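Right, one structure below, let's go through it.
The values are calculated or read from the model by the stated rules, or taken from the named source; none is laboratory data. A quick note: this is a predicted structure, and the numbers were derived from the prediction, not measured. Virtual Cβ from ideal backbone geometry, glycine too; neighbours counted across all protein chains shown.
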Amino acid sequence: MGDSKSGVAVRSRLIPFPPSISAEARASLARLVNDDGVPLNALYTIPLPDDHAGWMKIKAAADGHYAQAVAQLAGTLRAGVETIRIGNATIHVATPETMAEPDCAYLDFHGGAFVFGGGEACRAQARMQADQHGAVCYGVDYRMPPEHPYPAALDDALAAYRYALERHAPSRIVLGGRSAGGNLAAAMLLRARDEGLPLPAGLVLLSPEVDLTESGDSFQVNQLVDVVLPGSLMRNNELYAGGADLSHPYLSPLFGNLAGFPPTFLQSGTRDLFLSTRCGCTAPCAE
């Protein structure tokens with residue numbers, strides 16, 4: 001973190017929703033802000049890292065929210081799915097109704113700030129990805145804190161990748177992750193490379209949380225401007241790390257040696273809290 005005694009003072013002001021986006025997108029943003037202009041997600045109190053009971057209560061509430069979202073998808077998903085266990089790792093193997101790429105595989109790492117988004121939500125997401133890509137999708141339902149802190153999730157991610165490598169050529173595998181899942185996808189590739197495994201054909205990182213130290217300036221500039229993640233996730237990060245060094249590349253892959261990484265599609269937004277944590281790798285990127 002920077003020196004809090006020096007910096008740029010920003011006056012209070014209203015930041016309008018951009019007119020360049022669709023009316024539907026503006027309406028979606030408006031639903032996430034109250035009448036005083038405060039993001040609704042900023043009104044929640046995040047438990048301290050050692051308040052495991054508090055975290056379990058929030059996880060239960062989040063699971064209920066995800067269950068409602070999954071129920072709304074009923075009848076729209078066509079891919080079949082089988083849930084398997086590889087050691088401690090749970091993987092949802094989704095097979096599309098129409099196989100467009102029979103020898104390809106997509107490994108999907110769900111988001112959820114390292115704490116949420118597993119279970120049925122992860123299983124449904126695997127089916128969605130299989131439908132979209134016409135290829136087998138492995139939805140990695142990695143273990144999460146407070147029950148399972150680091151490196152449990154990373155261990156599960158690597159186990160899933162090894163499983164995929166036994167069934168597909170690395171040149172036919174693509175990895176993808178959103179938010180915390182983007183962190184795991186990138187961190188797992190660092191560890192896979194360190195352990196001598198071949199790297200996949202490509203990597204898809206959607207608003208990846210690749211700097212758990214929150215050192216980039218967008219963590220300050222975009223506070224309360226990002227209406228989905230309006231503030232710091234440091235308590236989540238510390239809960240996930242379980243006392244490990246947040247700057248270690250397996251926790252913050254932004255600080256790893258990314259030379260030789262596969263071609264990477266990296267997506268962010270101008271109001272994204274994670275905007276400044278875009279990678280510095282030498283691989284071809286589409287941003």
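Quick look at the numbers
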| read-out | value |
| --- | --- |
| Residue list for the range 161-198, filter: surrounded by fewer than 19 Cβ atoms within 10 Å (Cβ to Cβ), farther than 16 Å from residue 250 by Cα and among the hydrophobic types (A, V, I, L, M, F, W, C) | 165, 169 |
| Filtered residue count, the range 200-252, keeping only those that are in contact with a Pro (Cβ under 6 Å, 6 or more places away or on another chain) and either buried (at least 19 other Cβ atoms within 10 Å of the Cβ) or outside any loop (DSSP other than H, G, I, E, B) (or both) | 10 |
| Condition broken by residue 20, with the remaining ones in (1) of a type in the set (Ser, Thr, Tyr); (2) at pLDDT 90 or above; (3) within 24 Å of the chain's Cα centre (by Cα) satisfied | (3) |
| Boolean, residue 156 is part of a helix (DSSP H, G or I), surrounded by 24 or more Cβ atoms within 10 Å (Cβ to Cβ), modelled with pLDDT of 95 or more and not hydrophobic (A, V, I, L, M, F, W, C) | yes |
| Residue list for the range 129-153, filter: part of a helix (DSSP H, G or I) and small (Gly, Ala, Ser) | 130, 152, 153 |
| Subset of the range 103-137 (residues that are buried (at least 22 other Cβ atoms within 10 Å of the Cβ) and at positive phi) | 114, 117 |
| Residue satisfying all of: in the range 81-102; over 18 Å from residue 173 (Cβ atoms) and in contact (Cβ under 8 Å) with a residue 24 or more places away in the chain; surrounded by the fewest Cβ atoms within 10 Å (Cβ to Cβ) among these | 98 |
| Test: residue in the range 40-59 that is more than 27 Å from residue 171 (Cβ to Cβ), touching a strand residue (DSSP E or B) at 6+ places or on another chain (Cβ under 9 Å) and hydrophobic (A, V, I, L, M, F, W, C) | yes |
